[in-house]
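One structure is given below, encoded as structure tokens.
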Amino acid sequence: MLPKSKVDLYAAIRRDAGTGMSVRALKRKYGVGYETVQRALASSLPEPRKKMRPRETRLDSYKAVIDAILTADLTAPRKQRHTVKRIYDRLLDEHDAVGISYQMVRGYVADRRQEIRLQAGKGVVDAFVPQTHKPGAEAEVDFGDVTVKLAGELVTCYLFAFRLSYSGKAVHRIFASAGQEAFFEGHVHALNVLGGVPAGKVRYDNLRAAVAQVLGLSRRRVEAERWTAFRSHYGLEAFYCQPGIRGAHEKGGVEGQIGWFRRNHLVPVPEVDTLAELNAMIDRWDQQDDSRRIRSRPRTIGEYFAAEQPLLAPLPEEPFETGRLSTPRVDRYSQICVRMNRYSVPVRLIGRTVRVMLHASELVVYDGREEVARHERLIARGATRLELDHYLEALIRKPGALPGATALDQARAAGRFTPIHDAWWQAAVKAHGDREGNRALIEVLLLSRHLPHEHLITGLASALKTGALTADAVALEARKAADADAEPEDSPQPLTPGGQPGVAPLPAAVRAHLPPDRRPLPSVAHYDQLLRLRRPDRPTP
């Protein structure tokens with residue numbers, strides 16, 4: 001069998017020549033010439049193949065002209081430099097280049113323009129310089145968009161990532177938006193998980209949550225005031241990357257981390273009911289990722305972080321309020337408008353101004369110092385979130401508005417208004433009429449402010465079974481269910497004949513294994529002696 005490659009051929013020739021085979025026999029055996037045998041005997045490696053001379057083209061005679069045009073463009077104004085079309089037209093008009101095509105000129109200019117800039121020292125070489133990061137000193141932060149199936153609907157959310165540059169330890173959080181509230185809450189969560197603050201620079205994009213204005217091509221930025229206060233509170237030193245794709249290369253660690261996390265943990269698209277459920281899963285994934293190695297590193301992320309964590313600066317003692325405060329006015333629909341979305345509050349607040357603390361995932365409404373409402377934050381703009389409980393005081397006066405209430409539809413969709421409610425409601429309307437039946441249901445809904453939801457459902461089911469279609473009957477059955485589900489308290493201590501707490505008797509199974517009691521029986525002789533000491537002049541009772 002003939003050798004497969006020229007290296008194998010040379011090796012075979014040298015092996016047979018070592019056994020004493022003549023040059024003529026080697027030529028005849030392998031079908032090669034004298035010079036090939038001599039080159040094989042001289043070196044075990046074949047000589048490199050000679051490069052063919054480039055084939056001449058019709059553009060060769062005009063390449064010097066094109067080079068001169070591109071060289072002149074180096075000093076020309078940026079908006080008055082030659083395009084490929086202009087170079088091609090000049091070749092036709094000034095040099096009668098009838099034998100060339102536009103595609104030939106375009107292919108040559110695409111390669112030659114950059115070469116001429118590099119030769120003149122004005123080109124930019126896209127090279128990556130390896131960096132060494134000190135432990136506990138640097139970090140990178142960024143957002144990345146992800147798609148989540150939230151409560152059965154595909155929505156776009158935002159993945160916050162905080163990554164330590166030395167160890168590669170990353171902390172992630174998913175929010176409904178990439179606003180300043182999410183930006184702050186992501187930092188607070190990450191710093192609490194890491195147990196400290198990087199002592200050096202933290203690299204950022206020019207996010208609107210942090211940067212109000214980019215000042216030209218320099219590194220100077222006009223920061224948002226709340227971001228400046230947040231940085232000062234935690235002692236963060238911000239380093240802002242260049243705008244555009246070049247800035248992304250300046251924090252390539254977190255850019256790659258977001259892509260890796262998205263491919264490995266969020267594929268396929270996760271299906272969850274709430275973002276809190278998804279973030280609990282992300283916390284577990286972050287802990288699992290501590291056991292992986294980054295590329296060819298000898299140790300895991302967790303091992304590097306164990307050495308880095310003691311070098312982080314301590315966290316401040318006081319927390320920072322990450323929410324944004326606003327003071328909207330409650331309209332006649334008992335709603336407030338926050339970030340283009342509407343949320344309900346109790347009807348007693350209509351016409352008043354309330355305080356709203358907007359967080360990344362929820363908003364809390366205060367009337368003075370009292371919390372009056374708490375809603376999960378809406379993702380899409382122009383949406384409405386209503387709580388049926390907020391309208392009960394109005395519905396008790398207008399029971400006819402209950403069947404068509406938007407808050408009722410949302411409560412039914414969320415599962416808080418169950419089929420048991422509907423069944424009891426229909427029976428009450430059939431027994432008492434529309435108005436009184438609706439009013440009876442509203443009174444039952446008011447009970448939910450004092451009774452747990454599951455006990456109220458049990459009370460409704462029991463009352464429906466017995467035909468008791470009043471709120472008082474439901475309350476009675478619900479309290480019975482609450483008493484039955486209450487955890488038994490410690491068994492009461494037995495009482496002595498005098499009514500004092502005594503000692504509970506031991507079970508028979510325990511007393512059977514105890515040693516016999518050999519103590520003497522108690523005597524009342526001492527009490528008899530006390531009786532004899534009575535004064536003689538005191539009558540005996």
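The values are calculated or read from the model by the stated rules, or taken from the named source; none is laboratory data. Values in this document were obtained by computation on a predicted structure and should not be read as measured data. Positions of Cβ are backbone-derived with ideal geometry, glycine not excepted, and every protein chain shown enters the neighbour counts. In case anyone asks, the SASA skips ligands and DNA or RNA and just uses the protein heavy atoms, side chains included. Shrake-Rupley method; radii C 1.70, N 1.55, O 1.52, S 1.80 Å.
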For this session: Write down the Å³ per residue value for the convex hull defined by the alpha carbon atoms of segment 112-221.
Result: 180
For this session: Pull out the extension gain between R412 and R221, defined as 0.36 nm times the separation in residues minus the alpha carbon to alpha carbon distance; nm, one decimal.
Result: 63.8 nm
Problem set entry | Gain in span if fully extended, K465 to E115, counting 0.36 nm per residue against the direct Cα distance | 117.1 nm
Seminar exercise, completed: For segment 305-416 (alpha-carbon point model, no solvent) the Debye-based log₁₀ I(q)/I(0) at q = 0.14, 0.16, 0.20 Å⁻¹ works out to -0.63, -0.76, -1.09
Problem set entry | Which of A170, L275, Y343, positive extreme of dipole for the chain (C-beta unit charges) | A170
Exercise. What relative contact order, as a whole-number percentage, does segment 52-184 give when Cα pairs under 8 Å and 6 or more residues apart are counted?
Worked result: 15
Seminar exercise, completed: Among L9, A76, H375, the residue whose Cα sits farthest towards the positive end of the charge dipole of the chain (+1 at Cβ of Lys and Arg, -1 at Cβ of Asp and Glu, taken about the Cα centre) is L9
Exercise. Mind checking the dipole of the chain: about its Cα centre, +1 per Lys or Arg Cβ, -1 per Asp or Glu Cβ, Debye to the nearest 20?
Worked result: 2860
For this session: Taking every pair of Cα atoms in segment 168-211, average 1/r, invert it to obtain the Kirkwood radius, and report Rg/Rh to two decimals.
Result: 0.95
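Taking N as the number of residues in segment 1-108, what is its alpha-carbon radius of gyration divided by 2.2 N^0.38 Å?
Numbers: Rg = 26.7 Å, N = 108, 2.2 N^0.38 = 13.0 Å.
For segment 1-108, the normalised Cα radius of gyration is 2.05.
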Exercise. Mind listing the phi-derived Karplus ³J(HN,Hα) values for segment 15-26, rounded to whole Hz, using 6.51, -1.76 and 1.60 with θ = phi - 60°, and x for any glycine or proline?
Worked result: 5, 5, 5, x, 8, x, 6, 6, 5, 5, 5, 5
For this session: Considering Cα pairs under 8 angstrom that are at least six residues apart, work out the relative contact order of the chain and quote it in whole percent.
Result: 8
Problem set entry | Coil-residue GluC sites (Glu not before Pro) of segment 1-107, DSSP, other Cβ within 10 Å capped at 13 | E56
Exercise. Amide H neighbours of E237 under 5 Å, counting only residues 5+ apart in sequence or on other chains, H built in-plane at 1.01 Å?
Worked result: V202
Exercise. Taking segment 154-279 as the region of interest, what is the percent of Cα-Cα pairs per 10 angstrom bin, listed from the shortest bin to the one with the maximum distance?
Worked result: 11, 42, 36, 11, 0
Seminar exercise, completed: If the chain between Q103 and R479 were fully extended at 0.36 nm per residue, the gain over the current Cα-Cα distance would be 126.7 nm
Seminar exercise, completed: per DSSP, antiparallel bridges as share of beta bridges in the chain, % nearest 5, sits at 80
Problem set entry | Of all accessible heavy-atom area on the chain, the percent that carbon and sulfur account for (1.4 Å) | 53
Exercise. Between R355 and R295, how many nm apart are label points set 7 Å from Cα along the C-beta direction?
Worked result: 5.1
Exercise. Once the Cβ-Cβ distance between Q80 and E56 is put in as r, and R0 is 41 Å, what FRET efficiency do you end up with, to the nearest 0.05?
Worked result: 0.75
Problem set entry | Which label in (1) 80, 42, 28; (2) 61, 24, 20; (3) 38, 25, 22 gives the computed semi-axes √(5λ) of the Cα gyration tensor in Å | (1)
Seminar exercise, completed: Amide H proximity to A212 below 5 Å, modelled H, separation 5+ or other chain, gives V222, E223, A224
Exercise. Which percent of Cα-Cα pairs in segment 63-131 sits in each 5 Å bin, short to long?
Worked result: 3, 15, 25, 23, 15, 9, 5, 3, 2, 1, 0
Problem set entry | Volume in Å³ per residue [convex hull over Cα atoms, computed for segment 384-470] | 87
Exercise. When the label point is put 7 Å from the Cα of T71 along its Cα-to-beta-carbon vector, which residues of segment 88-116 have a backbone N closer than 13 Å?
Worked result: 116
Seminar exercise, completed: Nearest-0.05 FRET efficiency for T274 and D89 at R0 = 51 Å, using Cβ-Cβ distance, is 0.20
Exercise. For segment 386-493, which chymotrypsin sites (Phe, Trp or Tyr not before Pro) are in a loop by DSSP, counting at most 13 other Cβ atoms within 10 Å?
Worked result: none
Seminar exercise, completed: In nm², the average projected area of the convex hull spanned by the Cα atoms of segment 20-79 is 8.7
Exercise. Which Cα, out of V65, Q410, Q257, lies furthest along the positive dipole direction of the chain (beta carbon charges, K/R +1, D/E -1)?
Worked result: V65
Exercise. Excluding ligands, DNA and RNA, what is the solvent-accessible area per residue of the chain at a probe of 1.4 Å, expressed in Å²?
Worked result: 63
Seminar exercise, completed: To the nearest 10 degrees, the tilt of helix 84-95 (Cα long axis) against the first principal axis of the alpha carbons of the chain is 20
